[in-house]
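The values are calculated or read from the model by the stated rules, or taken from the named source; none is laboratory data. Quick caveat, the model's predicted, so the values are computed rather than measured. Cβ sites come from the backbone with ideal geometry, for glycine too, and all protein chains shown count toward neighbours.
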Amino acid sequence: MRAVNSIGSEQFEYCPSYEETWLDIFTRFSQKFVKPILDAPSGYMTIRRVTLPERPAFTLTAVHLASKLRTSGQDQHSEAIDHAVQIRNAENDHDTNTIVIGDFNMNPFESGLVDASGFHAVMDRTTVWQESRIVKGQEYPFFYNPMWNYLGDISDFTPGTYLANSSC
């Protein structure tokens with residue numbers, strides 16, 4: 001912390017977790033505004049409630065999903081579903097919106113990110129305004145994935161497509 005804070009005029013604080021985790025949260029706000037809600041048993045997800053003065057509270061979730069070097073896409077999908085359930089529960093318990101950050105180790109179009117039971121992350125902002133959709137009688141809220149911007153959503157036109165060249 002001393003090394004980071006010695007670089008510039010901004011001062012950062014470490015926000016401790018309940019449990020030991022692989023993810024550390026540092027903030028320019030006082031740590032009293034960033035309270036832990038849940039640390040996943042794996043140590044690769046932490047959920048915090050952020051309550052800044054005169055601002056709407058929100059839930060901040062940081063994740064680091066397993067790499068394809070060490071796990072299959074199917075395992076990533078299962079992990080995404082587990083994390084998404086915990087995030088939705090925390091969001092419902094604390095009645096706030098959620099921002100999820102981190103290293104998902106997936107492309108924006110992979111099943112763990114786009115499936116309704118996973119992160120249910122969509123590619124354009126207009127879809128998110130619908131808030132949720134019902135799949136087989138179950139309501140699933142949307143997340144907006146800004147990484148789609150790099151595949152065409154930055155313009156005012158319909159979001160682009162992705163071409164996978166199988167010869168690579």
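Test THR27 against the stated conditions and say whether it is in contact with a Cys (Cβ under 7 Å, 6 or more places away or on another chain) and either of a type in the set (Val, Ile, Thr) or on the phi > 0 side of the Ramachandran plot (or both). Yes, satisfied.
Does any residue of the stretch 96-113 turn out to be in a loop (DSSP other than H, G, I, E, B) and among the small types (Gly, Ala, Ser)? No; the residues of the stretch 96-113 include none that is in a loop (DSSP other than H, G, I, E, B) and among the small types (Gly, Ala, Ser). Quick check: is even one residue across the stretch 21-29 modelled with pLDDT under 85 and touching a Pro at 6+ places or on another chain (Cβ under 8 Å)? No: the stretch 21-29 contains no residue that is modelled with pLDDT under 85 and touching a Pro at 6+ places or on another chain (Cβ under 8 Å). Could you look through the stretch 1-58, keep only residues that are assigned to a loop (DSSP other than H, G, I, E, B) and in contact (Cβ under 8 Å) with a residue 40 or more places away in the chain, and pick out the one that is farthest from the chain's Cα centre (by Cα)? Step by step, filter the stretch 1-58, then rank; the result is PRO56.
Quick one: in the stretch 119-139, which of the residues that are under 18 Å from the mean Cα position of the chain (by Cα) and assigned to a strand (DSSP E or B) is farthest from ALA80 (Cα to Cα)? Top of the filtered list is SER132.
Looking at this structure, is ARG55 touching a His at 6+ places or on another chain (Cβ under 6 Å) and either among the hydrophobic types (A, V, I, L, M, F, W, C) or modelled with pLDDT of 90 or more (or both)? No; evaluated as a whole, the condition is false for this residue.
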